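K.L.:
Below are the structure tokens for one structure; questions will follow.
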Amino acid sequence: MARRFRFNLQAVLCYREIQEDERRREFLEAQRLVDEEKVKRAEMDRERVGLQDEIVRAFEEHAPIQSVMASYHMIGRLEGAIAESLQRQHKLEQEVEIRRQAMIAARQQTRMMETLKEQRREEFIREEDRIEQAFMDELLIQTQGRRLREAQSVAEAAERQRALEAFEAEGGE
């Protein structure tokens with residue numbers, strides 16, 4: 001019965017796979033935060049463009065200066081918020097890069113263990129093949145030895161039979 005391969009560092013491999021999954025989740029979460037920040041800033045940009053359009057309409061319609069000033073004030077606040085959003089996005093992108101590097105390192109660690117496992121599996125298979133070949137060689141040697149002994153026994157029996165016939169032919173009893 002053939003032995004089954006057992007990787008003695010399987011627990012380490014499982015731990016590294018868990019770590020890799022965790023680093024991947026952290027990376028995806030950081031990337032999600034960047035994407036959310038981009039969406040928020042795009043919304044603020046649209047709002048700013050809308051306010052700029054209102055200012056143009058207000059001038060065309062000769063609206064009161066207070067509404068134009070309120071729109072300018074809102075644009076100023078939006079531009080400040082957009083600048084803050086760009087800073088947050090930059091920090092978040094730095095965090096994404098850190099998380100990406102951690103994810104890559106974790107993948108390399110996992111891959112290293114997977115490669116080791118595959119090498120050990122191949123060594124195991126080679127050793128099993130060597131043992132099986134040694135067994136087959138021993139079986140062949142035993143079979144050939146038995147056949148040789150049987151052939152010798154047959155030859156000896158034939159020699160005894162000839163000697164007996166020769167003895168009887170000479171007039172022996």
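The values are calculated or read from the model by the stated rules, or taken from the named source; none is laboratory data. Note that the structure is predicted; figures quoted are calculated from it, not measured. Heads up, the Cβs are rebuilt from the backbone with ideal geometry, glycines too, and the neighbour counts pull from every protein chain shown. SASA here: full protein model, heavy atoms, side chains in, ligands and nucleic acids out. Shrake-Rupley method; radii C 1.70, N 1.55, O 1.52, S 1.80 Å.
K.L.:
Quick one: what pairs do we get from segment 1-26, first residue modelled with pLDDT under 95 and surrounded by 13 or more Cβ atoms within 10 Å (Cβ to Cβ), second assigned to a loop (DSSP other than H, G, I, E, B) and of a type in the set (F, W, Y), C-beta under 6 Å, 6+ apart or different chains?
P.N.:
Listed pairs, sorted by first residue: none to list.
K.L.:
Looking at (1) open to solvent by less than 100 Å² (accessible area, probe 1.4 Å); (2) out of contact with any helix residue (DSSP H, G or I) (no Cβ under 9 Å at 6 or more places or on another chain), can you tell me which one Q144 breaks?
P.N.:
Among (1) open to solvent by less than 100 Å² (accessible area, probe 1.4 Å); (2) out of contact with any helix residue (DSSP H, G or I) (no Cβ under 9 Å at 6 or more places or on another chain), Q144 violates only (1).
K.L.:
If you scan segment 87-110, which residues turn out to be surrounded by 13 or more Cβ atoms within 10 Å (Cβ to Cβ) and within 15 Å of M44 (Cβ to Cβ)?
P.N.:
Listed by number, the residues that qualify are R88, Q89.
Okay, residues lined up against (1) open to solvent by 100 Å² or more (accessible area, probe 1.4 Å); (2) β-branched (V, I, T):
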| site | (1), (2) |
| --- | --- |
| M112 | yes, no |
| T115 | no, yes |
| F124 | no, no |
| R130 | yes, no |
| M136 | no, no |
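K.L.:
For segment 45-69, give me the residue count where each residue is exposed (fewer than 13 other Cβ atoms within 10 Å of the Cβ) and of a type in the set (A, V, I, L, M).
P.N.:
4
K.L.:
Which residues, counting only those in segment 70-81, are open to solvent by less than 90 Å² (accessible area, probe 1.4 Å) and out of contact with any Asp or Glu (no Cβ under 7 Å at 6 or more places or on another chain)?
P.N.:
Result: A70, M74, I75, G76, E79, G80, A81.
K.L.:
Considering only segment 142-153, I want to know if a residue exists there that is more than 30 Å from L13 (Cα to Cα), free of Cβ contacts under 8 Å to residues at least 60 places away in the same chain and aliphatic (A, V, I, L, M).
P.N.:
yes
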